[in-house]
Amino acid sequence: MKRRDFIKVAGIGVAGAATLAAPAIAQSMPELRWRMTTSWPKSLDTLHGAAEIMAKVVGEATDNKFQIQTFAAGEIVPGLQALDAVQSGTVEMGHTASYYYFGKDPTFTFGASVPFGPNARLNQAWYMMGGGKELLNEFFKGYNVTSLLAGNTTCQMGGWFRKEINTVDDLKGLKFRIGGFAGRVMQKLGCVPQQIAGGDIYPALEKGTIDAAEWVGPYDDEKLGLQKVAPHYYYPGWWEGGPMLLVFVNLEKWNSLPKYYQAILEQAGHHANNWMMAKYDTVNPTALKKLLAGGAKLHAFSPQIMQASFKAAKELHAEVAAGNANFKKVYDSLTAYSNSGYQWFQVAEVGYDNFMARHSQS
Ligand code: CA
């Protein structure tokens, strides 16, 4: 090809791309206005913040053709009705913790975390590549929703106790604010689980109506000020080793989206997921130092309590699995994935983390 001809052809090509491509994409992108309810008050800026980040990314990636407006708990529906609102089509999306709905079916617990489930890394890896997403979405289909990964709190704390607890006997009769499926494990250990909204925890502990309460981790817990009324701060929250937050999307609305909007929503959720973990890893260390300076007394659950809790959780899982095929199918998948993951983690990750943790005190 002569140089002059090449320039001519190339010139047409570039001009053609410039004049055709932009309008073609713009025309094919429908303008959408969706609503996303969350299960969080705005004050939980890591949890609610992830939903806002997700909406922002979708707007930016689509030149605001696809806009999602986020609503805190109670603005459209109460926080624990996010799934119902998405299922019925009241809203298109809901950012929530799937285990809130374990009363409908215990299988919902796997969309967030199951007691003694995997840590954040392995939980999201199972969802993304271990068959978790497919299994869960097959189950969620029965509720007219599908799911997207959209956050992880990372390992939570075991909560605030008015008195020290050292043995399993110390748990007998203990009135413990702990939600959902984990409450049923605690019941096996003799605890009396209590369902109390976040804002009511402080007065209940102060009056002694309850003996202990779990919430999230240092950053969110600090806002409740519980160290003043229940100073013994235990770890780890074995019922929430790495809980995922999912966004439920109404199934018909999801199926009505062009493929590129589905891809953008999925990627925005992944961004929110990474954002939330980075946020917690940034704010929790400082919050823990402040809590300790403010009188919190840090304790690990004793090996006896950990072992007894593990045994009680496994018994409960087996009992539920015996009567619920969905639960069994998802539980078997997650457990096999988690066990295999930890066999690898104990070689490199855990050894390295332990070494680095010991050398991080200066
Ligand atoms: Ca919690």
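In region 33-51, which residues are assigned to a strand (DSSP E or B) and in contact (Cβ under 8 Å) with a residue 40 or more places away in the chain?
Once the filter is applied, which keeps residues that are assigned to a strand (DSSP E or B) and in contact (Cβ under 8 Å) with a residue 40 or more places away in the chain, region 33-51 yields Trp34, Arg35, Met36, Thr37, Thr38.
Within the set of pairs 6 or more residues apart or between chains, which connect a residue that is farther than 30 Å from Gly158 by Cβ inside region 237-266 to a residue that is modelled with pLDDT of 95 or more and assigned to a loop (DSSP other than H, G, I, E, B) with Cβ atoms less than 7 Å apart?
Note: pairs meeting the criteria are Val249/Glu92; Asn250/Gly89; Asn250/Glu92; Asn250/Asn144; Leu251/Asn144; Lys253/Glu92; Ile264/Thr62.
Which condition number does Asp221 fail, the rest of (1) within 12 Å of the ligand (Cβ to nearest atom); (2) within 16 Å of the chain's Cα centre (by Cα) being met?
Evaluating Asp221 over (1) within 12 Å of the ligand (Cβ to nearest atom); (2) within 16 Å of the chain's Cα centre (by Cα) leaves (2) as the failure.
I need a count of the residues in region 180-190 that are farther than 15 Å from Gly117 by Cβ and within 15 Å of the ligand (Cβ to nearest atom).
2
Considering only region 147-179, how many residues are in contact (Cβ under 8 Å) with a residue 40 or more places away in the chain and within 13 Å of the ligand (Cβ to nearest atom)?
The number of residues fulfilling the criteria is 11.
Any chance you could count how many residues in region 224-256 are within 16 Å of the ligand (Cβ to nearest atom), farther than 25 Å from Ala125 by Cβ and among the aliphatic types (A, V, I, L, M)?
So the count comes out to 3.
Of all residues in region 273-304, count the ones that are in a helix (DSSP H, G or I), hydrophobic (A, V, I, L, M, F, W, C) and touching a strand residue (DSSP E or B) at 6+ places or on another chain (Cβ under 9 Å).
Summing the residues that are in a helix (DSSP H, G or I), hydrophobic (A, V, I, L, M, F, W, C) and touching a strand residue (DSSP E or B) at 6+ places or on another chain (Cβ under 9 Å) in region 273-304 gives 6.
Tell me which residues, restricted to region 240-253, are within 26 Å of Leu288 (Cα to Cα), in contact with a strand residue (DSSP E or B) (Cβ under 9 Å, 6 or more places away or on another chain) and either surrounded by fewer than 18 Cβ atoms within 10 Å (Cβ to Cβ) or not hydrophobic (A, V, I, L, M, F, W, C) (or both).
Gly242, Pro243
Which of the residues that make up region 192-209 are more than 12 Å from the ligand (Cβ to nearest atom) and buried (at least 22 other Cβ atoms within 10 Å of the Cβ)?
Of everything in region 192-209, just one residue is more than 12 Å from the ligand (Cβ to nearest atom) and buried (at least 22 other Cβ atoms within 10 Å of the Cβ), namely Leu205.
Out of region 130-146, which residues are without any contact (Cβ under 8 Å) to a residue 24 or more places away in the chain and closer than 22 Å to Ala50 by Cα?
The answer is Lys133, Asn137.
One line per residue, one yes/no per condition, for (1) surrounded by 20 or more Cβ atoms within 10 Å (Cβ to Cβ); (2) within 25 Å of Gly142 (Cβ to Cβ):
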position: Val229; (1), (2): no, no
position: Trp238; (1), (2): yes, no
position: Asn255; (1), (2): no, yes
position: Ala268; (1), (2): yes, no
position: Asn274; (1), (2): no, no
position: Ala278; (1), (2): no, no
position: Pro285; (1), (2): no, no
position: His299; (1), (2): no, no
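Which numbered condition in (1) closer than 12 Å to Leu251 by Cα; (2) touching a helix residue (DSSP H, G or I) at 6+ places or on another chain (Cβ under 6 Å) is the only one that Ala112 fails?
(1)
Determine, yes or no, whether Glu266 is in a loop (DSSP other than H, G, I, E, B), at pLDDT 95 or above and either under 24 Å from the mean Cα position of the chain (by Cα) or under 19 Å from Gly132 (Cβ atoms) (or both).
For Glu266, the condition - in a loop (DSSP other than H, G, I, E, B), at pLDDT 95 or above and either under 24 Å from the mean Cα position of the chain (by Cα) or under 19 Å from Gly132 (Cβ atoms) (or both) - is not met.
The values are calculated or read from the model by the stated rules, or taken from the named source; none is laboratory data. As the structure is a prediction and not an experimental result, all values here were calculated from the model. Glycine gets a Cβ as well: all are built from the backbone with ideal geometry, and neighbour counts include every protein chain shown.
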